[in-house]
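Peer 1: Can you read through this structure? Questions will come right after.
The values are calculated or read from the model by the stated rules, or taken from the named source; none is laboratory data. All figures in this text were calculated on a predicted structure; none of them were measured in a lab. So basically every Cβ, Gly included, is an ideal-geometry build from the backbone, and we count neighbours across all protein chains shown.
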Amino acid sequence: MTQTQLVFSIDDINRQAVSLCSAGQFAEALSMVTPLLRRDEMPQDAHADALNIAGACSFALQRPADAEDFWRRCLRIKPGYAEVYGSLGMLLKSLGQLCAAKAMYRQLIVLRPGQADAHNHLGTVLYLQGHIEEAEASYRASLAIRADYIEACYNRAIVLHDLRRLHEAEAAFREALPGLPGHAEVHNNHGNVLMELGRLAEADAAYRQALTIRPQYPEALNNLAGVLKASLRLPEAELACRLALAIRPDYAEAHLNLGAVLADLERSHEAEAAYREAIAHRPGYAEAYYNLGVALAKREHLFEAEQAYREAIRLRPELVHPYNNLGGVLRRLDRLPEAVQVFRQALDVCPDLAEAHYNFGAALAQLMRLPEAESAYRRALALRADYGDARFGLAVLLLAMGRFEEGWQLYEYRYAQPGFIHYKTRSILSCPQWQGGTLAGQSLLVWQEDGLGDMIQFSRYFALLKAQRAAHIAFACMPALHRLMADVDGVDAVLDHDTALARVSTYDCWTSLLSAPLRLRTTVDTIPRATRLAAEPALVERWRPALAALPHGRKIGLVWKGNANHHNDANRSLPSLALLAPLWSVPGVSFVSLQKGQGEDEARQPPAGQPLLDLGSAVTDFADTAAIIAQLDLVICVDTSTAHLAASLGKPCWVMLPEKDLDWRWMHERSDSPWYPHTLRLFRRAPGEDWSMPVERVRQACVERFGAALRPDSTETHGR
């Protein structure tokens, strides 16, 4: 056979083998070309073609090792055989040999730079290797060659999403959609981008389109649940999660999402169970442990929450929020040094997390590391200027440090805090809020939105507001204050809140008493004198018989608990009346309970050996309490409204202050108060002390104050 006849015969066999391959008869095609591969002498191109066909058949027959061998032999014979580089690249990618596959596609591009497929496949390998930027460039090169290449457009959209180039990703998905109308995944992924862009209605439509194409699509159902949750359509979101789980019961992400929806529905026990299900199906699911910690902390299961957060951190130490929340739990457990350390770890992970700086500052403030706390608050505000909690935290810190000028300005931010009652005040009062301008000839509504003690303390500003030539000042406050405040200098009318609200349009402006220090530029050195309240004579006479029945000697009023709803009541109130037992050893003194609300039951039935006249449970308002205090020699109390009432009546008052979360008005490291310089004495609970220590100091002070007065021929000294 001549060389020409041989070539013709081999080419004919190769063509027949290709036809068999096209018909799916790969084994027959491989049998046809195999004898050719054993010939010693063959034309180079025909031999290469036979090897290429053998490689394709072996790949189709799932014999990858043979396929790779045939294709590599082919390239040794014919290094410029472009199609084989593409085939070998595909094989190596399927085997996970990405570096080798990348080399094949790069060589293919060298040989055929204008082949759009080569750039697209190279982009896929690069993406799988994590070279996201290079992958995007390859897909872009593919589209530059063939603008209508839908697969490359879709692949590029996915990469752009990963690169957080969301607007470009959304445009790429939208461009790919017409070419892939029946592909549910495209609509689902498009919905993910729309969701992150905050275009919830469009994301909802995209997920629903994916579900129209493929109704049994758990990922799309779970994603739809996310949109519905963000849209506050919580019952629908719950249903979507449960449908996803009906299709795939072990779908951990759907269990997590269901838990988040149930948490928003305030079904905390079910939320916890959903998070535990997520963990059961994926034991290393850090996000589920984090959410579980949130649920447990909300239910006050703090030790369990601590363990959940620690597990989330162990699994994914690069996540910052478990550190931040763990620090918050440690704060609530009063493990402040540990909390500080954890907040530092959070900031090591994410130095620009404003919440961690704020929480760090709050923990430092509790530890009385005030300059460091101030720095942390300011860093939080530098990162997020509108961070209300940080602004308010800095405000009370500065006020407690006596830096009133900036403190009062920041304190006004309470009106921008949706979680504060002050935020609501602005929305319900239709007249303008007074900003410090002239009040001459104007009517002013003073609106109570803070505590009873605040109103008594800051009532000193009524006279100053009236001095601004206000024509009429009405005070809208709680009924317990009405009789007491009716005769305060500067107050023209005392109203309940409902009446004031009905008349609000008749006032020129409104203000809170706690805004007055800012508007009137109060500093520590210019604090106005306290309102000198006076007890109503008729009420004094009403209460006189009960007090006169006490043994001869000094009479001391007691309040050992504040309002149970106060955020710091657990720290500021004494656990029980029994802790005051040492005071009963002071000779010649009778004790009167002024306790109202919680603690009244103890006053009615005091412990054995603690004689106590209970009057607090019989009073109706502060005017009654004032009439009783006017007939006492001293009031001893915790940080509550009675302290302000007694001091404003000019009565000596000793206040026992808590160690933790001390109110800003008592400032730091002083036994007096610039708000009541002549009547108030502070007994601070030092770090590490229990209440018995300040109680003992109060007892000693009683002996020192009243002991001399009880001795014959003694002369009583006045003052604190």
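Peer 1: Of (1) farther than 27 Å from Glu185 by Cα; (2) in contact with a Lys or Arg (Cβ under 6 Å, 6 or more places away or on another chain), Ala237 satisfies all except one. Which?
Peer 2: Only one criterion is unmet by Ala237, namely (1).
Peer 1: Which condition number does Val635 fail, the rest of (1) at pLDDT below 95; (2) closer than 25 Å to Pro575 by Cα; (3) in contact with a helix residue (DSSP H, G or I) (Cβ under 9 Å, 6 or more places away or on another chain) being met?
Peer 2: Unmet for Val635, out of (1) at pLDDT below 95; (2) closer than 25 Å to Pro575 by Cα; (3) in contact with a helix residue (DSSP H, G or I) (Cβ under 9 Å, 6 or more places away or on another chain): (1).
Peer 1: Further, regarding this structure: For segment 168-209, which residues satisfy the criterion of being over 24 Å from Ala137 (Cα atoms) and charged (D, E, K, R)?
Peer 2: Of everything in segment 168-209, those that are over 24 Å from Ala137 (Cα atoms) and charged (D, E, K, R) turn out to be Arg199, Glu202, Asp204, Arg208.
Peer 1: Residue check, Arg414 against (1) within 30 Å of Glu669 (Cα to Cα); (2) buried (at least 20 other Cβ atoms within 10 Å of the Cβ); (3) at pLDDT 95 or above, all met but one. Which one?
Peer 2: The single condition Arg414 does not satisfy is (3).
Peer 1: Related question: Report every pair of residues separated by at least 6 positions or lying on different chains whose Cβ atoms are under 9 Å apart, first residue within segment 417-439 and farther than 19 Å from Ala471 by Cβ, second loosely packed, with under 11 Cβ neighbours inside 10 Å.
Peer 2: Once the first residue is farther than 19 Å from Ala471 by Cβ and sits in segment 417-439, its partners that are loosely packed, with under 11 Cβ neighbours inside 10 Å give Lys424/Pro418; Ser430/Ser505.
Peer 1: Further question: Residues in segment 91-101 that are surrounded by fewer than 15 Cβ atoms within 10 Å (Cβ to Cβ) and assigned to a helix (DSSP H, G or I): how many?
Peer 2: Going residue by residue through segment 91-101, those that are surrounded by fewer than 15 Cβ atoms within 10 Å (Cβ to Cβ) are 94-96, 99.
Applying the additional criterion that residues be assigned to a helix (DSSP H, G or I) yields 94, 99.
Residues flagged as surrounded by fewer than 15 Cβ atoms within 10 Å (Cβ to Cβ) and assigned to a helix (DSSP H, G or I) within segment 91-101 amount to 2.
Peer 1: Another question, then. Without any contact (Cβ under 8 Å) to a residue 40 or more places away in the chain, in a helix (DSSP H, G or I), in the same structural domain as Asn291 (by TED's automatic domain parsing) and of a type in the set (Gly, Ala, Ser): is that true of Ala271 in this structure?
Peer 2: Yes; evaluated as a whole, the condition is true for this residue.
Peer 1: Among the residues of segment 49-97, count how many are more than 20 Å from Ala27 (Cβ to Cβ) and among the aliphatic types (A, V, I, L, M).
Peer 2: 8
Peer 1: Here's something else I'd like to know. Kindly indicate whether any position in segment 50-62 is free of Cβ contacts under 8 Å to residues at least 24 places away in the same chain and not aromatic (Phe, Trp, Tyr).
Peer 2: yes
Peer 1: All but one of (1) among the polar types (S, T, N, Q); (2) modelled with pLDDT of 95 or more; (3) touching a helix residue (DSSP H, G or I) at 6+ places or on another chain (Cβ under 6 Å) hold for Gln366; which doesn't?
Peer 2: Unmet for Gln366, out of (1) among the polar types (S, T, N, Q); (2) modelled with pLDDT of 95 or more; (3) touching a helix residue (DSSP H, G or I) at 6+ places or on another chain (Cβ under 6 Å): (2).
Peer 1: Of the conditions (1) over 40 Å from the mean Cα position of the chain (by Cα); (2) among the hydrophobic types (A, V, I, L, M, F, W, C); (3) under 19 Å from Tyr415 (Cα atoms), Leu444 satisfies every one except a single condition; which number is it?
Peer 2: Failed condition: (1).
Peer 1: Okay, moving on. Among the residues of segment 417-438 satisfying the criterion of being loosely packed, with under 15 Cβ neighbours inside 10 Å and over 20 Å from Phe475 (Cα atoms), which is modelled with the lowest pLDDT?
Peer 2: Gly419
Peer 1: Here is a further query. Hey, any hits in segment 387-406 for a residue that's loosely packed, with under 15 Cβ neighbours inside 10 Å and either of a type in the set (A, V, I, L, M) or within 27 Å of Met485 (Cβ to Cβ) (or both)?
Peer 2: So far as segment 387-406 goes, no, none of its residues is loosely packed, with under 15 Cβ neighbours inside 10 Å and either of a type in the set (A, V, I, L, M) or within 27 Å of Met485 (Cβ to Cβ) (or both).
Peer 1: For the condition part of a helix (DSSP H, G or I), within 27 Å of Arg414 (Cα to Cα) and not acidic (Asp, Glu), what is the one hit in Ala380, Ala308, Ala295, Ala312?
Peer 2: Details: Ala308 fails: within 27 Å of Arg414 (Cα to Cα); Ala295 fails: within 27 Å of Arg414 (Cα to Cα); Ala312 fails: within 27 Å of Arg414 (Cα to Cα).
Matching residue, one of Ala380, Ala308, Ala295, Ala312: Ala380.
Peer 1: Within segment 34-54, can you find the residues that are surrounded by fewer than 20 Cβ atoms within 10 Å (Cβ to Cβ) and either touching a strand residue (DSSP E or B) at 6+ places or on another chain (Cβ under 6 Å) or closer than 15 Å to Ala67 by Cβ (or both)?
Peer 2: Within segment 34-54, Thr34, Leu37 meet the criteria.
Peer 1: Quick test of your reading of the structure: Arg426 fulfils all but one of (1) among the charged types (D, E, K, R); (2) touching a strand residue (DSSP E or B) at 6+ places or on another chain (Cβ under 8 Å); (3) assigned to a loop (DSSP other than H, G, I, E, B). Name the failing condition by number.
Peer 2: Arg426 satisfies all of (1) among the charged types (D, E, K, R); (2) touching a strand residue (DSSP E or B) at 6+ places or on another chain (Cβ under 8 Å); (3) assigned to a loop (DSSP other than H, G, I, E, B) except (3).
Peer 1: Something else now. Would you confirm whether or not segment 326-343 contains a residue that is at positive phi and either assigned by TED's automatic domain parsing to the domain that holds Asp389 or under 17 Å from the mean Cα position of the chain (by Cα) (or both)? Lay out the reasoning, then the answer.
Peer 2: First pass over segment 326-343, keeping only residues at positive phi: 334.
Going one step further and asking which of them are either assigned by TED's automatic domain parsing to the domain that holds Asp389 or under 17 Å from the mean Cα position of the chain (by Cα) (or both), we end up with 334.
Scanning segment 326-343 turns up at least one residue that is at positive phi and either assigned by TED's automatic domain parsing to the domain that holds Asp389 or under 17 Å from the mean Cα position of the chain (by Cα) (or both).
Peer 1: Can Asp496 be described as of a type in the set (Asp, Glu), within 30 Å of Arg426 (Cβ to Cβ) and not assigned by TED's automatic domain parsing to the domain that holds Val698?
Peer 2: Criteria met by Asp496.
Peer 1: So Asn563 passes all but one of these: (1) over 30 Å from Phe404 (Cα atoms); (2) among the polar types (S, T, N, Q); (3) assigned by TED's automatic domain parsing to the domain that holds Ala618. Which condition number does it fail?
Peer 2: (1)
Peer 1: May I pose another question? Quickly run through segment 535-560 and pick out the residues that are out of contact with any helix residue (DSSP H, G or I) (no Cβ under 8 Å at 6 or more places or on another chain) and either closer than 19 Å to Arg665 by Cβ or in a loop (DSSP other than H, G, I, E, B) (or both).
Peer 2: Matches in segment 535-560: Ala549, Leu550, Pro551, His552.
Peer 1: State all residues of segment 102-139 that are of a type in the set (A, V, I, L, M, F, W, C), surrounded by fewer than 19 Cβ atoms within 10 Å (Cβ to Cβ) and under 47 Å from the mean Cα position of the chain (by Cα); if no residue qualifies, say none.
Peer 2: Within segment 102-139, Leu128, Ile132, Ala137 qualify.
Peer 1: Is it the case that segment 631-651 has a residue that's buried (at least 21 other Cβ atoms within 10 Å of the Cβ), under 14 Å from His678 (Cα atoms) and touching an Asp or Glu at 6+ places or on another chain (Cβ under 7 Å)?
Peer 2: No, that holds for no residue.
Peer 1: Restricting to segment 320-363, what's the tally of residues that are outside any helix (DSSP H, G or I) and either surrounded by 22 or more Cβ atoms within 10 Å (Cβ to Cβ) or in contact with a helix residue (DSSP H, G or I) (Cβ under 6 Å, 6 or more places away or on another chain) (or both)?
Peer 2: Start the filter on segment 320-363 by keeping residues that are outside any helix (DSSP H, G or I), which leaves 320, 333-335, 350-353.
After this cut, where a residue has to be either surrounded by 22 or more Cβ atoms within 10 Å (Cβ to Cβ) or in contact with a helix residue (DSSP H, G or I) (Cβ under 6 Å, 6 or more places away or on another chain) (or both) as well, the list is 320, 333, 352.
Selection size over segment 320-363: 3.
Peer 1: Got at least one residue in segment 667-684 being of a type outside the set (A, V, I, L, M), surrounded by fewer than 21 Cβ atoms within 10 Å (Cβ to Cβ), farther than 30 Å from Ala395 by Cβ and modelled with pLDDT of 95 or more?
Peer 2: no
Peer 1: Taking the residues in segment 443-499 that are assigned to a helix (DSSP H, G or I) and touching a Cys at 6+ places or on another chain (Cβ under 9 Å) as candidates, determine which candidate is surrounded by the fewest Cβ atoms within 10 Å (Cβ to Cβ).
Peer 2: Only one residue fits best here, namely His497.
Peer 1: Still on this model: In segment 534-571, how many residues are loosely packed, with under 15 Cβ neighbours inside 10 Å and within 51 Å of the chain's Cα centre (by Cα)?
Peer 2: Matching residues across segment 534-571 total 5.
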